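Written out below as structure tokens is the structure these notes cover.
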């Protein structure tokens, strides 16, 4: 079977950078309150004229350029995000249209594993590539978190998030030239955490015509951070051990860690609990906010463009998502 690899990466932040001090004034809080509470100093947010699909298309073109490819070279498009443009149709079709592929029969569909959507899409892409069903797969993650943040009820949670997009091009591996060769992708779900992190309206749970007040009340994101912390604290270290064992690695072999940028507190907890040297962990959330599904691929793209990943490095992608799922991938540079 053909091994897959990451051939290119790209990212695009929302065009407006919003400081926590600006939000303090809007919230009638003292200067410094929001950063002290959530740990995020600034976050990217969507600017006037930008859309989820426009950010995604920019990130996609950047990844394609990085791989030396064009949209016409792609055999499959996967849109990987927690919340797409609308429930129907799949946002992947819109990304395809943005890329000028209206006349192409190339399939395009969505993958939703919330914050781990890009990692799940990597797993799907790997299966397509390794079985010969596709030679090159484009993964696009674009999130507009600012549409549904609970600023009135839970500003400390709302302050964690930002808007942005990232993309990955995957294809057949050539160990001598591929930027990042895929070793193993693993995802586990602990469904007892289903209600710990939710955006409840917009699906079949609440009928807008019959329950408009309930629909409206549940149109904002909510999170039980304490419960999530307890669940991940118990399971994440063992999950990382399983992923490394399946990859034939030991923890000391890992050169760089690309984590989901859930929150500054979550990153600090992962460093302490899982035993990675701080200098190996790429941390961006204080400046970018949590970009949900775009978080891991955007951080990977940044690390590559900053030269933090060198030939021969062993790279660990790791994160958690609503559900609750744990997920990660091991890559060889």
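Laboratory data are not the source of any read-out in this text; all were calculated from the coordinates shown. All values reported here derive from a predicted model rather than from experimental measurement. Ideal geometry is used to build each Cβ from the backbone, glycine not excepted, and the neighbour counts take in all protein chains shown.
Taking every pair of Cα atoms in the chain, average 1/r, invert it to obtain the Kirkwood radius, and report Rg/Rh to two decimals.
That ratio equals 0.96.
Using only the Cα atoms of the stretch 262-333, each taken as one equal point scatterer with no solvent, compute I(q) by the Debye sum, divide by I(0), and report log10 of the ratio at q = 0.24, 0.26, 0.28 Å⁻¹.
Values returned for q = 0.24, 0.26, 0.28 Å⁻¹ are -1.39, -1.58, -1.69.
May I ask you to derive the FRET efficiency for residue 217 and residue 265 from their Cβ-Cβ distance with R0 = 30 Å, giving the value to the nearest 0.05?
After rounding, the FRET efficiency stands at 0.65.
Using a/c under 1.5 as the rounded threshold, could you call the stretch 64-176 rounded, prolate or oblate? The axes a ≥ b ≥ c are square roots of the C-alpha gyration tensor eigenvalues, and prolate needs a/b larger than b/c, oblate otherwise.
Prolate is the answer for the stretch 64-176, as a/c is 1.5 or above and a/b outweighs b/c.
Quick check on the exposure proxy: order 126, 216, 224 from fewest to most C-beta atoms within 10 angstrom.
Taking fewest neighbouring Cβ atoms as first place, the list is 216, 224, 126.
Between 143, 210, 188, where does the largest GNM mean-square fluctuation fall for the chain, given springs only between Cα atoms within less than 10 Å?
210
If the elastic network links every pair of Cα atoms under 10 Å, which of 17, 245, 52 fluctuates the most in the Gaussian network model of the chain?
Maximum among the listed residues: 245.
Compute the FRET efficiency between residue 251 and residue 27 as 1/(1 + (r/R0)^6), taking r as their Cβ-Cβ distance and R0 = 45 Å, and round to the nearest 0.05.
Working: r = 41 Å, r/R0 = 0.91.
The computed FRET efficiency comes out at 0.65.
Mind grabbing the base-10 log of I(q)/I(0) for the stretch 181-332 at q = 0.12, 0.17, 0.18, 0.20 Å⁻¹? Debye formula, identical points on the C-alpha positions, no solvent, two decimal places.
With no solvent term, the Cα-only Debye profile gives -0.55, -0.97, -1.07, -1.26.
What is the spin-label model distance, in nm, from residue 65 to residue 208 if the labels are put 7 Å beyond Cα along the C-beta direction?
Placing both labels 7 Å beyond Cα along the Cβ direction yields 3.8 nm.
Between residue 51 and residue 131, how many nm apart are label points set 7 Å from Cα along the C-beta direction?
Label-label distance for residue 51 and residue 131, simple model: 3.3 nm.
Report the FRET efficiency, 1/(1 + (r/R0)^6), for residue 238 and residue 279, where r is their Cβ-Cβ distance and R0 is 30 Å, rounded to 0.05. Present the calculation step by step, with values, prior to reporting the outcome.
Values: r = 24 Å, r/R0 = 0.81.
E between residue 238 and residue 279, to the nearest 0.05, is 0.80.
Summing -39500 (n - 2.57) over the DSSP H runs of n ≥ 4 in the chain and dividing by its residue number, what mean residue ellipticity at 222 nm do you reach, to the nearest 500 deg cm²/dmol?
Helix-only estimate at 222 nm: -9500 deg cm²/dmol.
State the antiparallel share, in %, of DSSP beta bridges confined to the stretch 4-177, rounding to the nearest 5. Provide the component values of the computation, followed by the final result.
On the way: 22 of 30 bridges.
Approximately 75 percent, going by the DSSP bridge assignments.
So if I take the centroid of the Cα atoms in the stretch 13-53 and the same for the stretch 75-146, what is the distance between those two points in Å?
28
Of all DSSP beta bridges located in the chain, what percent are antiparallel, nearest 5?
75
For the chain, what is the relative contact order in percent, using Cα pairs closer than 8 Å and at least 6 residues apart in sequence?
Computed over the chain, the figure is 25 percent.
Could you work out which residue, out of 136, 205, 97, moves most in a Gaussian network model of the chain, that is, has the largest mean-square fluctuation with Cα springs under 10 Å?
Residue with maximal mean-square fluctuation among 136, 205, 97: 205.
Compute the distribution of all C-alpha to C-alpha distances in the stretch 196-274, in bins of 5 Å from 0, and list the percent of pairs in each, rounded to whole numbers.
3, 12, 17, 16, 12, 10, 10, 8, 6, 3, 2, 0
Considering the zone a paramagnetic label at residue 16 would reach in this model (a point 7 Å from Cα along the Cα-to-Cβ line), which residues of the stretch 38-62 have amide N under 18 Å from it?
Backbone N within reach: 41-56.
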